[in-house]
Amino acid sequence: MSDLPRRIHIHEEGPREGFQIEPGPIASADKVRFIEMLADTGLTEIQCVSFVNPRRVPTMADAEEVAGAIRQRDGVHYTGLWLNQRGLLRALQTPLHTEGYVRTSGSDAFSLSNNGRSVEESLQEQRATLDYCIEHNIPLSGGIVTTAFGCNLEGEIPAARVVERVAQLLDFVESYGLQLPILRLADTVGWANPNSVATLLGALREKWPELRLGLHLHDTRGTAMANALIGLQFGIDTFDSSCAGLGGCPFAGHKGAAGNICTEDLAFMCAEMGIETGVDLDALAECARYAEELVGHPLPGKLMRGGTLTRWRVQ
């Protein structure tokens, strides 16, 4: 347990990853209010929207409207997801904080489903985008490996294949004279378990001990918190999460693609372990209840119902 981080950074993705899979419309003003509530909790990075084809993700059709309406709080990075240069150019026209990033996938089948490109084709397409970022002084924020542990379309993803894909991605970035500030490993469709997380983190740490890693965990099969604990024990200090456990990937290949690990539940566990998060748990629980009101159905977050232990400890 000696590798536990003193503090973790939470990258909140509820407004983007959370709402993208919802079938019903959510008013733009309600999305904005949710984002502003999240910013009041102490979170310092919030992914607000995605600049993708609205025909494929209808709930993100109002991305520009939402991005332009947010009353931004000092000290908070408000970002948007983009998958190609067209999306990047849209993002740059908004007040959001826009940075470059690179991606690869453990699964060719998922890459085709999510991006319409194979892994190799996607990497080649990213050359033009990275060229644009360098030309316009847009910083490279990091990279991500989607379906790093398994894929509903392709099955188990061996750690050795992910190591190969990471090597390919690092070579790609280094060919531009750049380095990745962080590489996120995404359990996009919920295949990871504590053993597979430990195996992959161990393999990557052995080959690139100085490479900073983060985790993007989904709770599709109820293993996200256990997987996060393994990450913490490996010293991982950056996690993508979603308030109330909102959302999921619409291209996962099945309807039960649960959202990211729940922000407030993760923050509560860390607080109980003595790991700082910088967030107000009660305020996060209030955000979770509001999210549940917006989507109109129960969400999987636990803290918004169980509460913290504070009042029990002061009795």
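Please treat every number below as a calculation from the coordinates, not as lab data. Keep in mind the model is a prediction, meaning the values are calculated, not measured. Don't worry about glycine lacking a Cβ; one is built from the backbone with ideal geometry, like all the others, and counts go over all protein chains shown.
Remarks
- When the chain is described by a simple charge dipole with +1 on each Lys and Arg Cβ and -1 on each Asp and Glu Cβ, the residue from THR104, SER196, THR129 located farthest towards its positive end is SER196.
- D (Stokes-Einstein, µm²/s), Kirkwood Cα radius, the chain, 0.890 mPa s at 25 °C: 125 µm²/s
- Theoretical ellipticity at 222 nm over the chain - DSSP helices of four or more residues, -39500 (n - 2.57) apiece, nearest 500: -12000 deg cm²/dmol
- Computed about the Cα centre, the dipole magnitude for the chain is approximately 320 debye when only Lys and Arg (+1) and Asp and Glu (-1) carry charge, each at its Cβ.
- Region 1-77 and region 208-249: distance between their alpha carbon centers, rounded to Å: 18 Å
- For region 169-315, convex hull of alpha carbons as volume per residue, Å³: 141 Å³
- Of the DSSP H helices in the chain, those whose Cα atoms cover at least 18 Å axially and whose Kyte score averages 0.5 or more: 159-174
- Dipole-positive endmost among ALA69, GLN47, PRO25 within the chain (Cβ charges, Cα centre): PRO25
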